[in-house]
Amino acid sequence: MSNYTPVRLAYKTVEPVGGAEDKPPVIFLHGLTASTDYWFDIPRIIANETKRKIYLLDARNHGDSEWSDEFNFDINSADLVHFMDTMNIPKAVLLGHSMGGITAIRTALKKKERVEMIIVEDMSVRKVPKAMSDMIITSMTLAQQAVEQMPTDIDENGAKKFIFDYLFDHLPAEAKELLKRRSNEDYKALFETQPRWPVYF
């Protein structure tokens, strides 16, 4: 990939009880707007059942990873390969949810020698409409702006409300219309109560 600039990717590891066997590790790849926290105790269970080391990776612009103005599915795949090179992982099992599933598939197609197998859940292989992808990027940018403008003296619940209010108030009209079409309920209330509300874009 030409002109690729890597960023610092945050990650966590899970070791199986009794230590990992000599097998390729499993790399967990979360979905859009999520992070390594999305997986809860699943990595621990899989580590113990498979006796493989687990890596939980935050994609760029997600979780504790570095932010970049460059963000697309091809870059996510390049980031994954760069991470594997940096960690000296010659081959891995890729387990991806939604956007992470796309990353797993693209990496397997481009670098099949680096992938033992892929496990993909809750994703579509159809091309994402441009209007949808534009709104996703807009929501992520607005969320970043909200974090930068957030008061420093509020608690976690206050921080969540601040980000929600900022994001919803600054959403373009077409984004709100898309959100409304995707819900049969009061879309503003649904948007506010969902713990991972940006997925509605």
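The values are calculated or read from the model by the stated rules, or taken from the named source; none is laboratory data. In this text, all values refer to a predicted model and were calculated from it rather than measured experimentally. All Cβ positions, glycine included, derive from the backbone under ideal geometry; neighbour counts span all protein chains shown.
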Taking VAL93 and the conditions (1) surrounded by 17 or more Cβ atoms within 10 Å (Cβ to Cβ); (2) part of a helix (DSSP H, G or I); (3) out of contact with any helix residue (DSSP H, G or I) (no Cβ under 6 Å at 6 or more places or on another chain); (4) touching a residue at least 40 places away in the same chain (Cβ under 8 Å), which numbered condition does it fall short on, given that it satisfies the others? (2)
Flag if ASN61 is under 24 Å from ILE27 (Cα atoms), assigned by the TED database to the domain that holds PRO16, touching a residue at least 12 places away in the same chain (Cβ under 8 Å) and of a type outside the set (D, E, K, R): yes
Considering (1) closer than 14 Å to LYS12 by Cα; (2) free of Cβ contacts under 8 Å to residues at least 24 places away in the same chain; (3) over 16 Å from the mean Cα position of the chain (by Cα), say which one LYS53 fails and leave the rest. (2)
Answer yes or no: is there a residue in the stretch 17-28 that is assigned to a helix (DSSP H, G or I), surrounded by 20 or more Cβ atoms within 10 Å (Cβ to Cβ) and in contact with a Lys or Arg (Cβ under 8 Å, 6 or more places away or on another chain). no
For the stretch 165-182: of the residues being surrounded by fewer than 14 Cβ atoms within 10 Å (Cβ to Cβ) and not in a helix (DSSP H, G or I), which is modelled with the lowest pLDDT? ARG182
How many residues are of a type in the set (Lys, Arg) and over 11 Å from the mean Cα position of the chain (by Cα) if we restrict to the stretch 56-99? 1
Here are ILE154, ILE137, ILE119: which of them is of a type in the set (Val, Ile, Thr), assigned to a helix (DSSP H, G or I) and either at pLDDT 75 or above or closer than 21 Å to HIS97 by Cα (or both)? ILE137
Looking at (1) touching a residue at least 60 places away in the same chain (Cβ under 8 Å); (2) crowded, with 17+ Cβ neighbours inside 10 Å; (3) of a type in the set (D, E, K, R); (4) part of a loop (DSSP other than H, G, I, E, B), which one does ASP79 not meet, given that it meets all the others? (4)
Which of the residues that make up the stretch 142-164 are exposed (fewer than 15 other Cβ atoms within 10 Å of the Cβ) and within 22 Å of GLU174 (Cα to Cα)? GLN144, GLN145
